[in-house]
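Peer 1: First, the structure itself, so that you have it in front of you.
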Protein chains: 2
Amino acid sequence: MKAKLIVTPKKAVLDPQGKTVQNALEHMGYAAVTGVHVGKYIEIDLAAGTDRVAARKALDEAAHKFLSNPVIEDYQLEIVD
Amino acid sequence: MKAKLIVTPKKAVLDPQGKTVQNALEHMGYAAVTGVHVGKYIEIDLAAGTDRVAARKALDEAAHKFLSNPVIEDYQLEIVD
């Protein structure tokens, strides 16, 4: 079992890394790009037989407490087999 | 239309950031964690009406050329509506 966590800057927060990638893409001729957001991806391997509901609860707490900064970042947590 | 690009270090490559997050999780009592991989997440907004096949081809090339380092990183590209 795995947990996939995506942490992205909130829309209202300046994202200079995203802006830089967007400029680079435009500069290289990718004209259809209208915006880029750069975030973190964290994949967490969980021991076989871990309870899915308990794992989600624990990782949700971990994501909120120290894997993301809730003031400026949003996160999405997904548990997959 | 959006493209979601996930760039992760290859399994054979040392991932000190992942190891650090794993240690932190273990230290805080999340016992079921057996491994952590930390990567980048890049969300690219595309203009409405962009051709999906052409966009995938262009972004695949961009991901290979300069959004990831193919020697030490793998990437997954997904186009969603």
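Peer 1: Could you list all residues from the range A:60-81 that are assigned to a loop (DSSP other than H, G, I, E, B) and open to solvent by 30 Å² or more (accessible area, probe 1.4 Å)?
Peer 2: Initially, the range A:60-81 is screened for residues assigned to a loop (DSSP other than H, G, I, E, B), giving A:68-72, A:81.
Correct list: A:ASN69, A:PRO70, A:VAL71, A:ILE72, A:ASP81.
Peer 1: Quick check on A:TYR75: is it touching a helix residue (DSSP H, G or I) at 6+ places or on another chain (Cβ under 8 Å) and not β-branched (Val, Ile, Thr)? Working first, answer last.
Peer 2: Numbers: touching a helix residue (DSSP H, G or I) at 6+ places or on another chain (Cβ under 8 Å): yes; not β-branched (Val, Ile, Thr): yes.
It is true that A:TYR75 is touching a helix residue (DSSP H, G or I) at 6+ places or on another chain (Cβ under 8 Å) and not β-branched (Val, Ile, Thr).
Peer 1: Applying the selection to the range B:35-59, what residues are open to solvent by 60 Å² or more (accessible area, probe 1.4 Å) and modelled with pLDDT of 95 or more?
Peer 2: Going through the range B:35-59, the residues open to solvent by 60 Å² or more (accessible area, probe 1.4 Å) turn out to be B:40, B:48-49, B:51-53, B:56-57.
Passing the criteria: only B:LYS40.
Peer 1: Restricting to the range A:3-34, what's the tally of residues that are open to solvent by 40 Å² or more (accessible area, probe 1.4 Å) and not small (Gly, Ala, Ser)? Quick ask: steps written out before the conclusion?
Peer 2: Taking the range A:3-34 as the starting set, the residues that turn out to be open to solvent by 40 Å² or more (accessible area, probe 1.4 Å) are A:4, A:10-14, A:16-17, A:19-20, A:23, A:26-29, A:31, A:34.
Checking which are not small (Gly, Ala, Ser) leaves us with A:4, A:10-11, A:13-14, A:16-17, A:19-20, A:23, A:26-28, A:34.
Residues in the range A:3-34 being open to solvent by 40 Å² or more (accessible area, probe 1.4 Å) and not small (Gly, Ala, Ser): 14 in total.
Peer 1: In the range B:32-43, is there at least one residue being farther than 16 Å from A:GLU26 by Cα, among the polar types (S, T, N, Q) and free of Cβ contacts under 8 Å to residues at least 24 places away in the same chain?
Peer 2: Here is the first cut: in the range B:32-43, the ones farther than 16 Å from A:GLU26 by Cα are B:32-41.
Narrowing the set further to residues that are among the polar types (S, T, N, Q) leaves B:34.
So of that shortlist, the ones also free of Cβ contacts under 8 Å to residues at least 24 places away in the same chain come out as B:34.
Yes, there is a match, as at least one residue in the range B:32-43 is farther than 16 Å from A:GLU26 by Cα, among the polar types (S, T, N, Q) and free of Cβ contacts under 8 Å to residues at least 24 places away in the same chain.
Peer 1: Looking only at residues in the range A:44-59 that are outside any strand (DSSP E or B) and facing chain B (nearest Cβ under 7 Å), which one is nearest to B:LYS10 (Cα to Cα)?
Peer 2: Just the residues of the range A:44-59 that are outside any strand (DSSP E or B), to begin with: A:47-59.
From the residues that got through so far, the ones that are facing chain B (nearest Cβ under 7 Å) too are A:47, A:50, A:55, A:58.
Numbers: A:ALA47: 21, A:THR50: 25, A:ALA55: 25, A:ALA58: 27 Å.
Out of the qualifying residues, it is A:ALA47.
Peer 1: Next question. Which members of the range A:16-43 meet the condition of being within 10 Å of chain B (Cβ to nearest Cβ) and either charged (D, E, K, R) or assigned to a helix (DSSP H, G or I) (or both)?
Peer 2: Within the range A:16-43, the subset within 10 Å of chain B (Cβ to nearest Cβ) is A:17-18, A:21-22, A:24-25, A:28-43.
Of everything in the range A:16-43, those that are within 10 Å of chain B (Cβ to nearest Cβ) and either charged (D, E, K, R) or assigned to a helix (DSSP H, G or I) (or both) turn out to be A:GLN17, A:GLY18, A:VAL21, A:GLN22, A:ALA24, A:LEU25, A:LYS40, A:GLU43.
Peer 1: Condition check: free of Cβ contacts under 8 Å to residues at least 12 places away in the same chain and either at positive phi or in contact with a His (Cβ under 9 Å, 6 or more places away or on another chain) (or both). Does A:GLY18 satisfy that? Quick ask: steps written out before the conclusion?
Peer 2: Values: free of Cβ contacts under 8 Å to residues at least 12 places away in the same chain: no; either at positive phi or in contact with a His (Cβ under 9 Å, 6 or more places away or on another chain) (or both): yes.
No.
The values are calculated or read from the model by the stated rules, or taken from the named source; none is laboratory data. Since the model is a prediction, treat every value here as computed from it, not as a measurement. No Cβ is skipped: glycine too gets one built from the backbone with ideal geometry, and neighbour counts run over all protein chains shown. Side chains are part of the model used for accessible areas, which takes the heavy atoms of the whole protein and leaves out ligands, DNA and RNA. Shrake-Rupley method; radii C 1.70, N 1.55, O 1.52, S 1.80 Å.
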